[in-house]
Amino acid sequence: MQPAGTLLLGQQAVTGTRGEIRAIDPSSGEALEPIYRGGGESEVARACELAETAYATYRESSLADRAAFLEAIAAEIEAIGDALITRAMAETGLPRARLEGERGRTCGQLRLFASVVRAGEWLDV
């Protein structure tokens, strides 16, 4: 995972049209690469359009598919590996153990939510 300085809109990497946004290493004050540009009206409109289109498909998906989607998100977060932890340490100043714990908690919650969705008990049907 190498940050590229782009916004992800659907499956396209796009350079924003607004002002520069830069992460700062809190331990050194050093500006981190890359520079991001904020999303303007056209980028936000495109993101909303894509979200609306995706929701139309998602709402018709089965509970099993929704659960699998949540599990896939957890797996992809874990697949980023140490690069995610290293970048998060540089951007936040938090220690490795804390960030590894947060990643584990997040992935655990995604998998828990997947099991709840798959069971369908929350529907009260």
- With axes computed from alpha carbons, what is the tilt in degrees of helix 82-92 against the longest principal axis of the chain, rounded to the nearest 10 within 0 to 90? 60 degrees
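May I ask for the percentage of alpha-carbon pairs in the range 32-76 that lie more than 13 Å from each other?
On the way: 689 of 990 pairs.
Cα-Cα pairs of the range 32-76 separated by over 13 Å account for 70 percent.
Relative to the Cα centre, what is the charge dipole magnitude of the chain, using +1 at the beta carbon of each Lys and Arg, -1 at the beta carbon of each Asp and Glu, and rounding to the nearest 20 debye? Provide the component values of the computation, followed by the final result.
Working: 13 positive and 19 negative charges, 32 e Å.
Around 160 debye, computed over the chain.
As an exercise, take the mean of 1/r over every pair of distinct alpha carbons in the range 1-43, invert it, and state the Kirkwood radius in angstroms. All intermediate terms of the calculation are to be shown ahead of the outcome.
Details: mean 1/r = 0.0888 Å⁻¹.
Kirkwood radius, the range 1-43: 11.3 Å.
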- Rounded percent of accessible protein surface that carbon and sulfur make up, the range 55-103, 1.4 Å probe: 59 percent
- Item | Nearest-ten-degree value, helix 63-80 long axis tilted from longest Cα axis of the chain | 20 degrees
- Note on the structure: Row for the chain, column shape: gyration tensor on C-alpha, a ≥ b ≥ c, rounded if a/c < 1.5 i.e. under 1.5, prolate if a/b over b/c, else oblate; value oblate
- Message: Could you work out how much longer the chain between ILE24 and THR92 gets when fully extended? Use 0.36 nm per residue separation minus the Cα distance between them, nm to one decimal.
- Response: 23.6 nm
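If each residue of separation counts as 0.36 nm, what is the full-extension length gain between ASP65 and SER42 once their alpha-carbon separation is subtracted?
Value of the extension gain: 5.2 nm.
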- Query: In percent, how large is the relative contact order of the range 61-125, given Cα pairs closer than 8 Å and 6 or more residues apart?
  - Reply: 53 percent
- Which one of THR57, GLY120, ALA75 is farthest out on the positive end of the charge dipole of the chain, using unit charges on Cβ (Lys, Arg +1; Asp, Glu -1) and the Cα centre as origin? ALA75
- Message: Along the Cα→Cβ direction, 7 angstrom out, place labels at ALA51 and GLU78. What is the inter-label distance in nm?
- Response: 2.9 nm
- Report the relative contact order of the chain, percent, no decimals, based on alpha-carbon pairs under 8 angstrom and at least 6 residues apart. 25 percent
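The values are calculated or read from the model by the stated rules, or taken from the named source; none is laboratory data. Keep in mind it's a predicted model, so treat the numbers as computed, not measured. As a convention, Cβ positions derive from the backbone with ideal geometry for all residues, glycine included, and neighbour counts pool all protein chains shown. Areas reflect the complete protein model, heavy atoms only, side chains present, ligands, DNA and RNA absent. Shrake-Rupley method; radii C 1.70, N 1.55, O 1.52, S 1.80 Å.
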